[in-house]
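Shown next, in structure tokens, is the structure this report addresses.
The values are calculated or read from the model by the stated rules, or taken from the named source; none is laboratory data. Predicted model, so just to flag it, every value in this text is computed and none were measured. For neighbour counting, all protein chains shown are included, and Cβ atoms are generated from backbone atoms with ideal geometry for every residue, glycine included. Quick note on the areas: whole protein, heavy atoms, side chains included, nothing else; ligands and nucleic acids left out. Shrake-Rupley method; radii C 1.70, N 1.55, O 1.52, S 1.80 Å.
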Amino acid sequence: MLTLIIILIILACFVLAFFVLIQNSKGGGLASNFAGSNQVMGVRKTADFLEKATWTLAGTVMALCLLVAFMTKQEFKRDMPMNDRFEQVAGDEE
């Protein structure tokens, strides 16, 4: 399960990087390349889609990273012997 989530994070990062690179902060990028009259989506709709997709992917990456951190923390606590847990807590109090 953890491996699947990590693979999803990596794929989402690549797609996010692609979406960021095809955008242009000046209003160009992918939207400016399709300024012809026979386009399916308008220039503004393309820019809106890219912006929404960028924010969605960024949120997805963040949520998946938090999920992996939570899962590995639980696995670490489960795998740690009971004596090490008490020593770690006692060592933190000093």
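Quick rundown of the values:
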read-out	value
Odd one out for residue 31 among (1) modelled with pLDDT of 90 or more; (2) hydrophobic (A, V, I, L, M, F, W, C); (3) touching a Lys or Arg at 6+ places or on another chain (Cβ under 9 Å)	(1)
Those residues of region 42-59 which are modelled with pLDDT of 85 or more and either within 16 Å of residue 3 (Cα to Cα) or small (Gly, Ala, Ser) (or both), in sequence order	53, 58, 59
Top-ranked residue in region 1-28 [being at pLDDT below 85 and open to solvent by 80 Å² or more (accessible area, probe 1.4 Å); ranked as farthest from residue 64 (Cα to Cα)]	26
Conditions (1) at pLDDT below 75; (2) small (Gly, Ala, Ser); (3) open to solvent by less than 60 Å² (accessible area, probe 1.4 Å): number failed by residue 37	(3)
